[in-house]
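A short worksheet on the structure shown next.
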Amino acid sequence: MDRQTPQIFSGTANKPLAESIAKSLGLKLGDATVTAFPDGETFVKFNENIRGGDVFIVQPTCPPANHHLMELLIMIDAARRASASRITAVMPFYGYARQDRKDQPRVPITAKLVANLLTAAGANRVLTMDLHAQQIQGFFDIPVDHLYAAPVIYRYLAEQKLKNTIVVSPDIGGMKMAAAYAKMLNTNIAIVAKRRVNATDIEAQYLVGEVEGKDVLLVDDITETAGTLCAASKLVKEHGAKHVIAGVSHAILSELAIERLRKSNLDELITTNSTPQPKIEGFKLTVLCVADILAEAIKRVHNNESITSLFEIDNLPKH
């Protein structure tokens with residue numbers, strides 16, 4: 001094995017993305033067995049020599065989150081015990097990121113627990129994308145490289161040649177992301193104030209900003225039930241928006257979300273393949289590939305180079 005090249009392995013969460021990353025690097029995806037015993041316990045074996053290697057394990061912790069997280073931890077432990085020189089957990093989607101603080105009595109901070117588990121298993125660094133809360137980087141005592149999907153989504157939007165566009169944040173917490181998109185698109189922003197009825201239902205209460213006659217771009221980092229997006233799209237349509245599309249970094253689409261999207265005022269949902277995406281009949285779901293930007297980040301981490309320029313649109317890898 002040539003120790004001058006990174007070794008890319010994958011769990012079962014999103015193997016097609018891992019294969020695309022390896023292909024972008026001109027490498028073959030590493031050979032590893034990741035299966036389950038009849039009782040559901042995960043078994044991992046690396047089928048090639050990784051002693052002294054720079055190992056990257058690609059595994060978003062998307063649903064089933066617990067299974068994929070445990071699989072990642074076991075793969076990291078196996079790599080550590082096989083004497084890999086450095087182990088990087090490549091988590092395009094970091095599950096449990098919404099549990100990043102104690103917002104009510106007697107609840108855990110599970111995002112911190114996951115950080116502890118990754119470190120205890122033997123990860124030397126983490127490569128992730130669009131964390132729900134950026135302070136999660138501070139939960140780690142190992143290096144965290146945090147990428148953004150915004151430049152990838154912007155490239156797609158630029159090709160659509162949208163006119164008279166306004167960026168809308170579907171909730172107050174997304175203002176920073178909305179401002180970043182507005183700066184890239186050289187346009188204004190608006191915001192939807194919402195009230196959460198329960199875990200799956202959202203009520204959009206009022207809109208701050210002028211959307212009448214405009215093409216609206218709703219931006220968010222994650223959608224699971226699509227409640228926030230659908231409520232916001234309904235509200236901006238009621239206020240005269242002409243065309244409504246959404247750009248979301250991670251779409252963890254449940255059956256409820258798919259049903260809502262079909263019935264919604266959204267004309268298109270743009271997302272990435274950070275997690276596997278279903279095909280939705282009767283709705284335009286555009287899935288953009290983030291393999292090239294992840295591959296470039298892996299190459300730079302392996303070569304001890306800066307990844308800062310990957311945050312900029314003009315410096316994204318072109319393949």
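Nothing in this text is a laboratory measurement; each read-out follows from the coordinates by a stated rule. Treat the numbers as computed from the prediction; the structure is a model and nothing was measured. Cβ: placed from backbone, ideal geometry, glycine included. Neighbour counts: every protein chain shown.
For L27 and E238, what is the calculated FRET efficiency with R₀ set at 45 Å and r taken between the beta-carbons, to the nearest 0.05?
Numbers: r = 51 Å, r/R0 = 1.13.
Rounded to the nearest 0.05, the efficiency is 0.35.
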Give me the distance in nm between label points sitting 7 Å out from Cα along the Cα-to-Cβ direction at Q205 and K279, one decimal. 4.3 nm
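What length, rounded to one decimal in nm, is gained on full extension from K163 through to Q135, with 0.36 nm per residue of separation minus their alpha-carbon distance?
6.6 nm
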With labels modelled as points extended 7 Å from the Cα through the Cβ direction, what inter-label distance (nm, one decimal) is found for E48 paired with T110? 3.5 nm
What share of the DSSP beta bridges in the chain is antiparallel, in percent to the nearest 5? 20 percent
Considering only region 150-288, percent of DSSP beta bridges that pair antiparallel, nearest 5: 20 percent
For L288, project a label point 7 Å along Cα to C-beta. Then give me every residue of region 228-262 with its amide nitrogen under 12 Å of that point. 246-250
In degrees, nearest 10, range 0 to 90: what is the angle between the Cα axis of helix 110-121 and the longest Cα principal axis of the chain? 20 degrees
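Using a ≥ b ≥ c from the Cα gyration tensor of the chain (square roots of the eigenvalues), is it rounded, prolate or oblate, where a/c under 1.5 gives rounded and otherwise the larger of a/b and b/c decides, a/b for prolate? Don't jump to the answer; show the numbers that get you there.
On the way: a/c = 2.03, a/b = 1.65, b/c = 1.23.
Here the chain falls in the prolate category.
Of Y206, Y181, how do they rank once you tally other Cβ atoms within 10 Å and put the fewest first? Don't jump to the answer; show the numbers that get you there.
On the way: Y206 10, Y181 23.
If I rank by nearby Cβ atoms, fewest first, I get Y206, Y181.
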Debye, to nearest 20: dipole size of the chain, +1 on Lys, Arg Cβ, -1 on Asp, Glu Cβ: 180 debye
Residues in region 273-309, backbone N under 17 Å from the label point at H67 (7 Å along the Cα-to-beta-carbon vector): list them, ranges by number please. 275-278
Ranked highest first by the average count of other Cβ atoms within 10 Å around their residues, in what order do 174-180, 143-149 fall? 143-149, 174-180
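Restricting to Cα pairs below 8 Å that are 6+ residues apart, what does the relative contact order work out to for the chain? Please round to a whole percent. List each step's numbers first, then the result.
On the way: 661 pairs, mean separation 44.2, N = 319.
Over the chain, the number comes to 14 percent.
Of K112/K176; K161/K242; K183/K234, which ones are farther than 20 Å apart at the Cα?
Working: K112/K176 23 Å; K161/K242 15 Å; K183/K234 25 Å.
As for pairs spanning more than 20 Å Cα to Cα, those are K112/K176; K183/K234.
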Size of the dipole of region 150-288 about the Cα centre, Lys and Arg at +1 and Asp and Glu at -1 on the beta carbon, nothing else charged, in debye to 20? 240 debye
